[in-house]
Structure formats: structure tokens, C-alpha cells
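Let me begin by presenting the structure, written as C-alpha cells, before commenting on it.
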Amino acid sequence: MALITISGYPSSGKTHRALQLKTFLESKLSEPDYISAGGRKFKVVIVSDDSVGIKKQDYDNARTEKPARQTLFTTLQRLMAPDTLLIIDSLNYIKGFRYQMYCAAREMKVRVSTVYVVATAEKCREWNKERREKTEKSYSDETFENLLMRYEEPSSMVRWDSPLFTVPWIDEDIPGEDIWKAITEGVIKPPNAGTQAVAKAPTDALRTLETITTSMVSSIMSEQSLSSSSSSITIYLPSAPDVKVHLKLPPRNITLSELQRIKRQFVTVHKKAITLGTTEKGAVDWSEESVARKFKDYVEENLKP
Ligand SMILES: Nc1ncnc2c1ncn2[C@@H]1O[C@H](COP(=O)(O)OP(=O)(O)OP(=O)(O)O)[C@@H](O)[C@H]1O
């Protein structure tokens, strides 16, 4: 039915908010009108680091953090269902990971929303220290500071974070009614080209992903050098000349390293989707045109103005 992603700094009160939200949603689900309208039994489920066995120390280095995140992702894929309001209570601090969850939700045809729990770094530091003093689970100081530095703030401007609800730590109420509306009445986005089922071997898909994105990065760079004042360029794919992609660029010079960083993020996220898509849910569409259009959207949304 819906996927609600909670995101925020370490020790910012995400679990506190997730529990508040669960109580609110359960009270809405128990309203007689709601039950009789749908005639179905819905449930609210929280998936958290604790519930899937992720420890605070797993965030100490990438070697342990990556498989932890993968466990979280596999669990949420398994639990997403038409009768479930799924709340993901974890740091969810990587933009690419939130995008990956969003794609999975679209594939399952469930509504999405993001709750950004905001507390100052100082406050979170204080709460993390208090947890340690009370011998509760806490992050080491080094990991805590590292996570703060790496935190990629959600933005209502990008599809995968919206609708976005920002909840400050001082405000005791959550915007429950607004979240409820978003997850029961909001638009269900159809699976995009990248999540529709069309057979293609994973090795081909990985090659397409790499060659198309590489070729688009060089096309953007060369088009930009030819028409420096233009804010919109057209790219033709050398390997598929009948495919034309129109790309909007911000009115400034885009650097190669910027594009390569965006390309790396895109490739990493979709490599995972290719593997999961082909091993668990049937093959997905990784045609050249589909990859080109997905990458175009990703570039447009990730280039700073
Ligand atoms: N609004 C608040 N007012 C006072 N204390 C709070 C508030 N929110 C959280 N805390 C305290 O901060 C600590 C961390 O809270 P919580 O577990 O909800 O954070 P979290 O963001 O889920 O942490 P983690 O990053 O470990 O998942 C707890 O000890 C909690 O009591």
C-alpha cells in the first residue's frame, strides 16, 4: 500500500518519530469508515536497523555497512505489499539508496513518502552521548561524525524524496494527517521503463548501462563545448542513431568530474537493480533507449543549478 522512508542524522529521533507515526496510522486504520470503505485489513510494519539485525558498529566501515544496507533493502522488498504500510526506520542517508527504494516501490505499485527528521548536529551528538552513558546502543564518536559528514539531505525537488515531510525535533506532533493523505490518496507512479519486465541477459544490461552512460557523458561534454550558451542539448546515441535525448542543463559550465560522479552513482544503483531484477523478480528493461532516458532524468535532477 505504501512505503514511508524515514531519514535523518544518527540519533536524531527517527525511531521516536517512526513509532509515533505507526500509532497514528494504526488509529486511522481502525476508523470504522476506513475499514468499511476498503473492506480489507491493513497493517503498519516498521523495518528498522534493529529489526533486521544491523548494529551501530556496522556503520564503522564500508565493508560492513554495504551488506547491512543490502539486508535492509531485501527485507523491505519482501515486506512491501498492497495491504502493508511499511515504515523504513534507518539512516537512509544516501541519495542513491533512497532512489533504489523508490524504484522498488514503483515496481510494487505502492505510494511513497519521505519523512525527514531534523535535529541539529549538536543535539544529535548530545543524544548519542547520553545513550552511551546509559549503556544503550550508540555510535562511536568517529562513526557519528563520519555519518554527519556523509549525510545527503532529502529534497522535495527530486521524485524519489517527494512528497517530503520535514519534522523538527522540537515539535512534538507529526504531520500525521498530511502523511496519511499522501499515502492513501497520492498518485501511484507506474513502474518506469527501468522497472518494466522485458527479458534481457544481465551481462548485456551491465554493458549497456556502462556504454550508454559513458557515451552520454562525452556527448554532453562535447555538445556543451560547441554551444556554450545553450541550456538544452540534444544527444544522439552512436549505437542507436534513431534515439534522440533532449537534456536540460543549468546555465553554467558543467565539469567532467561532476558528470562522472553522477554517472558513478547512477551505475552503482542500477547495477544492483539489474542483479536483483534478474535474480528475484524476472528480467527488466535495460534497452539502450531506456537506459539513456533514465540517465537523462538522473543527470537533470542531480546537476546543481
Ligand atoms: N524529541 C526528542 N526529545 C528528547 N529526546 C529525544 C527526542 N528524540 C529522540 N530523543 C532521544 O535521542 C535518543 C535517540 O533517539 P532515537 O532512537 O529515536 O534516534 P534514532 O535517530 O532512531 O537513532 P539511530 O540513528 O540510532 O537509529 C534516544 O535516547 C531518545 O530518547
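The values are calculated or read from the model by the stated rules, or taken from the named source; none is laboratory data. Every value quoted in this text rests on a predicted model; they were computed, and no experiment measured them. FYI the Cβ positions are ideal-geometry reconstructions off the backbone, even for glycines, and counts take in every protein chain you see.
Quick notes on this one:
- In the stretch 21-41 there is at least one residue matching the filter, namely being crowded, with 20+ Cβ neighbours inside 10 Å, in a helix (DSSP H, G or I) and more than 16 Å from the ligand (Cβ to nearest atom).
- Verdict on Lys22 being touching a Ser or Thr at 6+ places or on another chain (Cβ under 8 Å) and at negative phi: no
- Considering residues of the stretch 196-226 that are among the β-branched types (Val, Ile, Thr) and at pLDDT 80 or above only, the residue surrounded by the fewest Cβ atoms within 10 Å (Cβ to Cβ): Thr214
- Among the candidates Thr120, Thr84, Thr74, Thr64, residue that is under 27 Å from Met157 (Cβ atoms) and surrounded by fewer than 18 Cβ atoms within 10 Å (Cβ to Cβ): Thr120
- Per-region count, the stretch 55-101, residues touching a strand residue (DSSP E or B) at 6+ places or on another chain (Cβ under 8 Å) and either of a type in the set (Ser, Thr, Tyr) or within 15 Å of the ligand (Cβ to nearest atom) (or both): 10
- Criterion (under 17 Å from Thr15 (Cβ atoms) and in contact (Cβ under 8 Å) with a residue 12 or more places away in the chain) met by exactly one of Pro154, Pro168, Pro163: Pro168
Yes or no, residue by residue, for (1) farther than 25 Å from Gln77 by Cα; (2) at pLDDT 85 or above; (3) polar (S, T, N, Q):
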position	(1), (2), (3)
Ser228	yes, no, yes
Ile233	yes, no, no
Ser239	yes, no, yes
His246	yes, yes, no
Thr278	no, no, yes
Ser290	no, no, yes
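- Of the residues contained in the stretch 144-155, none is found to be in the same structural domain as Ile179 (by TED's automatic domain parsing), closer than 22 Å to Val267 by Cα, more than 15 Å from the ligand (Cβ to nearest atom) and crowded, with 19+ Cβ neighbours inside 10 Å.
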